[in-house]
Amino acid sequence: MAATYSSFMTTRFYSPVFNTALFDGPLRIYFSQSYESAALKVYHLLQSQYPEQWSRLKECSQQSKEHVFLMMYPEKKDLEMVFSDGSKPIQTQEWEEGVAIGFCQPQNDLELTHQLDLITKSIDVWIQKIKNHEISL
């Protein structure tokens, strides 16, 4: 299913703090405009440090018509209101239009590095599920 902004706004993942979004092929990043530099850094690092995964993600998204919704919440309480296990720094939930991955705005480069590692692992798991599903069809 092709993801639309209006369909995303009706999910539990959406937050009014998301007043800015970056769409590029398979990736949808939602964030508060005040965290634009951090969101752009995440986007740049996902493409530059994980080029093989980026290629697999694009291919998978083209075939499945699903997307990765990456949501940068301003605070942990915002993340906890949406996802069930607030103790994890990265929250992942599949839904009919792809996978939702939530995390809090990183406070420093070390935290960002850790978050990116977890985000890419979540994306890899999702890509593998999509590919396994296509094989079983």
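One residue alone among 97, 134, 75, 80 is of a type outside the set (Ser, Thr, Tyr) and either modelled with pLDDT of 95 or more or closer than 18 Å to residue 23 by Cβ (or both), and that residue is 97. Would it be correct to say that residue 91 is polar (S, T, N, Q) and surrounded by 20 or more Cβ atoms within 10 Å (Cβ to Cβ)? So residue 91 passes the test. Among residues belonging to the stretch 1-35 that are closer than 24 Å to residue 77 by Cα and among the charged types (D, E, K, R), point out the one that is modelled with the lowest pLDDT. Top of the filtered list is 12.
Yes or no: residue 84 out of contact with any strand residue (DSSP E or B) (no Cβ under 6 Å at 6 or more places or on another chain), of a type in the set (S, T, N, Q), under 21 Å from residue 11 (Cβ atoms) and surrounded by 12 or more Cβ atoms within 10 Å (Cβ to Cβ)? No, not satisfied. Go through the residues of the stretch 53-71 one by one and say whether even a single one is surrounded by 13 or more Cβ atoms within 10 Å (Cβ to Cβ), touching an Asp or Glu at 6+ places or on another chain (Cβ under 9 Å), small (Gly, Ala, Ser) and closer than 13 Å to residue 13 by Cα. Looking for residues that are surrounded by 13 or more Cβ atoms within 10 Å (Cβ to Cβ), touching an Asp or Glu at 6+ places or on another chain (Cβ under 9 Å), small (Gly, Ala, Ser) and closer than 13 Å to residue 13 by Cα, one finds none in the stretch 53-71, hence no. Among the residues of the stretch 90-123, the ones that are under 17 Å from residue 48 (Cα atoms) and more than 12 Å from the chain's Cα centre (by Cα) come to 5 in all.
Those strands (runs of 3 or more DSSP E) of the stretch 16-110 in which 1 or more residues are β-branched (Val, Ile, Thr), in contact (Cβ under 8 Å) with a residue 12 or more places away in the chain and farther than 25 Å from residue 128 by Cα occupy 20-24. Please work out if residue 116 is hydrophobic (A, V, I, L, M, F, W, C), touching a residue at least 60 places away in the same chain (Cβ under 8 Å) and more than 20 Å from residue 8 (Cα to Cα). Yes; evaluated as a whole, the condition is true for this residue.
The values are calculated or read from the model by the stated rules, or taken from the named source; none is laboratory data. Since this is a predicted model, take the numbers as computed values, not measurements. No Cβ is skipped: glycine too gets one built from the backbone with ideal geometry, and neighbour counts run over all protein chains shown.
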